[in-house]
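Trainee: Sharing a structure with you now.
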Amino acid sequence: MSENGRPILALKLSGVDIGMELLGWLSLIGIWVLVFLNFQNLPDTIPIHFNAAGKADGFGSKWSILTLPIIASVLYVGMTILNKFPHVFNYPTEAVTEENALKNYTMATRLIRVLKLTLVIIFGLIVFRTLQNINGTAEGLGVWFLPLTIGLIFIPITYYILKSIRQSKTNVK
């Protein structure tokens, strides 16, 4: 038992979980490769910020492109470490007990995996579109980028919360 009274369990990863982890790590490596392959050809000034409409509205040194894979890496590794301790997460159910811990922990850690993968994909898209802007093959991120990003983040969270609430109601009956 942990300090908060929740059981500490070692979760076995399913094939889906392993696939998401592998895809996430490969995507993260892909961002770094994309940046390093293009870095030498970047102009001294590149777009570093885009407004809500997806138009570039801030510019900086070409070294700024490194902030995207660095932030993506820190988030990915941090969330990977956090995911090893599901007993410290907040849950939308009343109590995590011995009986429901495995199901709660499995759903919560899967949500974190989905969010990790989503964040890496979002950062990868930003890098890709920034490089397209620099090469003149695109203008801005596009008006689709902000709604897509919001959807990619909040749809899995909403799904998880609703599924957890439904699960807790069926456990009570």
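Trainee: Is it possible to state the helix-based mean residue ellipticity at 222 nm for the chain, with each DSSP H run of 4+ residues giving -39500 (n - 2.57), the sum divided by total residues, to the nearest 500 deg cm²/dmol? What is it?
Mentor: -21500 deg cm²/dmol
Trainee: Still on this structure, please answer the following. What residue among ILE46, ILE157, ILE81 has the largest mean-square fluctuation in a Gaussian network model of the chain, using Cα springs under 10 Å?
Mentor: Sorting by GNM fluctuation, first place goes to ILE81.
Trainee: Here's another thing I want to ask about it. Dipole magnitude of region 33-109 about its Cα centre, charges +1 at Lys/Arg Cβ and -1 at Asp/Glu Cβ only, in debye to the nearest 20?
Mentor: Dipole of region 33-109, to the nearest 20 debye: 260 debye.
Trainee: Counting only other residues whose beta carbon sits under 15 Å from that of PRO69, what net charge do I get with K and R as +1, D and E as -1?
Mentor: With Lys, Arg at +1 and Asp, Glu at -1, the neighbours total +3.
Trainee: Does region 84-127 come out rounded, prolate or oblate by the C-alpha gyration tensor, with a ≥ b ≥ c the root eigenvalues, rounded set by a/c under 1.5 and, if not, prolate when a/b is larger than b/c and oblate if not?
Mentor: Judged from the Cα gyration tensor, region 84-127 comes out prolate (a/c at least 1.5, a/b above b/c).
Trainee: How about region 55-163: which GluC sites (Glu not before Pro) there are in a DSSP loop, with at most 11 other Cβ atoms within 10 Å of their Cβ?
Mentor: GLU94, GLU98, GLU99
Trainee: If you count only protein heavy atoms and use a 1.4 Å probe, how large is the accessible surface of HIS49, to the nearest 10 Å²?
Mentor: 100
Trainee: How large, in percent, is the carbon and sulfur part of the accessible surface of the chain at a probe radius of 1.4 Å?
Mentor: 68
Trainee: Follow-up. Applying the Karplus parametrisation 6.51 cos²θ - 1.76 cosθ + 1.60 with θ = phi - 60° to the phi angles of region 45-53, what ³J(HN,Hα) value in whole Hz is obtained for each residue in order, glycine and proline being reported as x?
Mentor: Calculated HN-Hα couplings, in order: 10, 10, x, 10, 8, 10, 7, 4, 7 Hz.
Trainee: If you don't mind, there's one more thing I want to ask. Would you mind classifying region 81-173 by shape? Square roots of the alpha carbon gyration tensor eigenvalues, ordered a ≥ b ≥ c; an a/c under 1.5 is rounded, otherwise it is prolate if a/b is larger than b/c and oblate if not.
Mentor: Prolate.
Trainee: Another one. Tell me, what ³J(HN,Hα) does each residue in region 67-73 have, in order and in whole Hz, if you take phi through Karplus 6.51 cos²θ - 1.76 cosθ + 1.60 with θ = phi - 60° and put x for Gly and Pro?
Mentor: 5, 5, x, 5, 4, 4, 5
Trainee: How would LYS116, LYS163, LYS103, LYS12 rank on accessible area, largest to smallest, probe 1.4 Å?
Mentor: LYS12, LYS103, LYS163, LYS116
Trainee: Right, next: Looking at the chain as a GNM with Cα springs under 10 Å, which of GLY30, GLY151, GLY15 has the largest mean-square fluctuation?
Mentor: Taking springs between Cα atoms under 10 Å, the residue moving most is GLY15.
Trainee: Can you tell me the accessible area per residue over region 5-139, all protein chains present, probe 1.4 angstrom, in square angstrom?
Mentor: 55
The values are calculated or read from the model by the stated rules, or taken from the named source; none is laboratory data. Bear in mind the structure is a predicted one, so any value in this text is a computation, not a measurement. Heads up, the Cβs are rebuilt from the backbone with ideal geometry, glycines too, and the neighbour counts pull from every protein chain shown. Areas reflect the complete protein model, heavy atoms only, side chains present, ligands, DNA and RNA absent. Shrake-Rupley method; radii C 1.70, N 1.55, O 1.52, S 1.80 Å.
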